[in-house]
Number of protein chains: 2
Amino acid sequence: MTLANFNTSSPIAEKERPDKSNARGIVVSLKKSGFVKCRECSVRPFCIASKTNDKGMQAFNEISNHPAPTQKGDYFYHQGDTFTSLYRVRSGAVKSYHIDKNGQEHIIGFHLPGELFGTDGMANGQHQNFAQALDTSTVCEMNYEQLGSLLKKSPDLQQKMFQILSAECIQKIEPLLFLHHRPVEERLVTFIADISSRYQSRGLSPKRFILPMSRRDIAHHLGTTEETISRLFSRIQRMGILLVEKRTIIIKDMEKLQASSMAL
Amino acid sequence: MTLANFNTSSPIAEKERPDKSNARGIVVSLKKSGFVKCRECSVRPFCIASKTNDKGMQAFNEISNHPAPTQKGDYFYHQGDTFTSLYRVRSGAVKSYHIDKNGQEHIIGFHLPGELFGTDGMANGQHQNFAQALDTSTVCEMNYEQLGSLLKKSPDLQQKMFQILSAECIQKIEPLLFLHHRPVEERLVTFIADISSRYQSRGLSPKRFILPMSRRDIAHHLGTTEETISRLFSRIQRMGILLVEKRTIIIKDMEKLQASSMAL
DNA sequence: CGGGGGATTGATAACTTTCAAACTAGGTGG
DNA sequence: CCACCTAGTTTGAAAGTTATCAATCCCCCG
């Protein structure tokens, strides 16, 4: 089987009339296929599985699934899908977005390597958002039901999972709430500073990186328009804080960046 | 003991230099004091304790504490406090707000009777926000450590708690994220519609209620200023959707209200 | 009656969106 | 191989929204 058929639909076309057959079909058909699992995982140091012992890791291994790489534009799940699994990004990048009743797209967040996503389905068993690959991406998929059974057996692990999930939900989302109380320039600076620190915490360069998302995605995430984002990148560059070349960002003055960014 | 000494500090004074001695002092001294507990609780139908059997309720009763009423302006906890408990509002109203490194106040949310608060401390053991009574309020305080022990013993309860908490975290907070992507008038209309439905779900009138919070609180919650809120209330009233008399809201045209409000 | 916080209203300034146009880089087909 | 096409991005000008500063009003309470 070739991967050629992954490319037949553009991200936009996918977005307008989401069709999960390609992305999900692969996920399902490659279950337990023999791809690398927990022990060899590239993001292992950032995974809950690493917070347990060998036996625990073995258990995680059982419920985890490393499906084949997903192509840019493919979906991990759709808004309204039945919630079955939590995911962790191993490589690439994923965006979560919601389409409201007026057809407006709202970007909930971006998931970089090592980060968790899929929690939007935990509340009522249905995913509230779409999760779409921004790039060729690989993930780890953990079955939630099996995860539940696993946690029932280990109170300690359960406690840790509680912690991790509440951190995901609260520490990551609540600060975003009041991002929107500030002018857009500050939001953008904060966004860049946040991406930078997330790359750094994964051992990548905090001063030079490539944004996996479009200007439009950034705009929708920050609650503004792509034109405004573009203008502000220009302005921030003129101020000598960043060097912006399309999606490549080089931070020239990290101190000024952090000083202008919001308290998170 | 009288309650007179509760009134010595105004909400503002409390806010500027928070002093928890009165509110928390009472909480501690009345622990296990004989106030009504789960079985007689007014918000029992909305509490997790009601989702279990008599024995489970007994267990909840053990870890729950119904402290004396808290006066307007008093704090349940402060930003930075060690996290010990989750709370549920029994009567009155509570606001959660965060002060960022620039001294700016951000209102995370308002908690009405039956609603949970305190989850902002779960992530790292420290409260991220202040929780302050907007009015004379009574709460139910559940010790988190004891709750954890309780959950360890009952996988089913654990599952339910997971559910409830993720619903709190995700269903309530994520939608707020994209509220801020819309003009302020829409945010305000949505805010009123939300309060209305929350009162309704607690068996109170959805068409006529009194807002427990000030214009400034609403403004800070919606990411705007009190002047703008005031102007918009006037405009929405001129449109015949609401009748606004200070903090009393009467919804004249519920359909128009919901049509103008955002998809949540 | 006077003080004071909360709320409202007005005028102006600042910011952001909208509509339009042009530019860029990568991919396509002749 | 080049012209063309397209999505993504940038820039400009005008319109719209919101913040800011300032003044006034209102009502509760001492």
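The values are calculated or read from the model by the stated rules, or taken from the named source; none is laboratory data. The structure presented is a predicted model; accordingly, all values stated were derived computationally and were not measured. Glycine gets a Cβ as well: all are built from the backbone with ideal geometry, and neighbour counts include every protein chain shown. Note: accessible area is taken over every heavy atom of the protein model, side chains too, but ligands, DNA and RNA are not part of it. Shrake-Rupley method; radii C 1.70, N 1.55, O 1.52, S 1.80 Å.
What to note about this one:
- From the list A:Ser85, A:Ser166, A:Ser149, the lone residue that is in contact (Cβ under 8 Å) with a residue 24 or more places away in the chain and of a type in the set (S, T, N, Q) is A:Ser85.
- Residue within the stretch B:192-200 that is on the phi < 0 side of the Ramachandran plot, facing chain A (nearest Cβ under 10 Å), away from DNA strand C (no atom under 12 Å from the Cβ) and in contact (Cβ under 8 Å) with a residue 60 or more places away in the chain present: no
- For B:Thr224, the conditions (1) more than 14 Å from DNA strand C (Cβ to nearest atom); (2) assigned to a loop (DSSP other than H, G, I, E, B) are fulfilled apart from (1).
- Flag if B:Phe233 is near DNA strand C (Cβ under 8 Å from one of its atoms), within 23 Å of B:Ala259 (Cβ to Cβ) and surrounded by 15 or more Cβ atoms within 10 Å (Cβ to Cβ): yes
- Looking at the stretch A:83-169, the strands (runs of 3 or more DSSP E) lying wholly inside it that each contain 2 or more residues that are within 14 Å of chain B (Cβ to nearest Cβ) and modelled with pLDDT of 85 or more sit at A:94-99, A:105-111, A:130-133.
- The stretch B:238-254 residues that are within 18 Å of B:Glu226 (Cα to Cα), paired with ones that are in a loop (DSSP other than H, G, I, E, B) and open to solvent by less than 20 Å² (accessible area, probe 1.4 Å) (beta carbon under 9 Å, 6 or more apart): B:Lys246/B:Leu211; B:Arg247/B:Leu211; B:Arg247/B:Pro212; B:Arg247/B:Met213; B:Thr248/B:Leu211; B:Ile249/B:Leu211
- Residue in the stretch B:85-100 that is over 12 Å from the mean Cα position of the chain (by Cα) and open to solvent by 30 Å² or more (accessible area, probe 1.4 Å) present: yes
- Filtered by the rule that a residue be away from chain A (no Cβ under 14 Å) and either more than 8 Å from DNA strand C (Cβ to nearest atom) or more than 25 Å from B:Ala133 (Cα to Cα) (or both), the stretch B:208-221 gives B:Arg208, B:Phe209, B:Ile210, B:Pro212.
- A:Ser9 fulfils the conditions (1) modelled with pLDDT of 50 or more; (2) in contact with a Gly (Cβ under 9 Å, 6 or more places away or on another chain) except for a single criterion, (1).
- Which numbered condition B:Arg182 misses (of (1) open to solvent by 50 Å² or more (accessible area, probe 1.4 Å); (2) facing another protein chain (nearest Cβ under 9 Å); (3) more than 11 Å from DNA strand C (Cβ to nearest atom)): (3)
- Scanning the stretch B:199-214 for residues that are of a type in the set (A, V, I, L, M), buried (at least 19 other Cβ atoms within 10 Å of the Cβ) and at pLDDT below 95 turns up nothing.
- Number of the condition not met by B:Leu232 [criteria: (1) more than 11 Å from DNA strand D (Cβ to nearest atom); (2) within 23 Å of B:His181 (Cα to Cα); (3) touching a residue at least 40 places away in the same chain (Cβ under 8 Å); (4) away from every other protein chain (no Cβ under 14 Å)]: (1)
- Test: residue in the stretch B:195-213 that is over 28 Å from A:Ser166 (Cα atoms), among the basic types (Lys, Arg) and either not assigned by TED's automatic domain parsing to the domain that holds B:Ala131 or not in a helix (DSSP H, G or I) (or both): yes
- Filtering the stretch A:236-264 to residues that are more than 19 Å from A:Leu179 (Cα to Cα) and either away from DNA strand C (no atom under 16 Å from the Cβ) or open to solvent by less than 10 Å² (accessible area, probe 1.4 Å) (or both) leaves A:Gly240, A:Ile241, A:Leu242, A:Ile249, A:Ile250, A:Ile251, A:Lys252, A:Asp253, A:Met254, A:Glu255.
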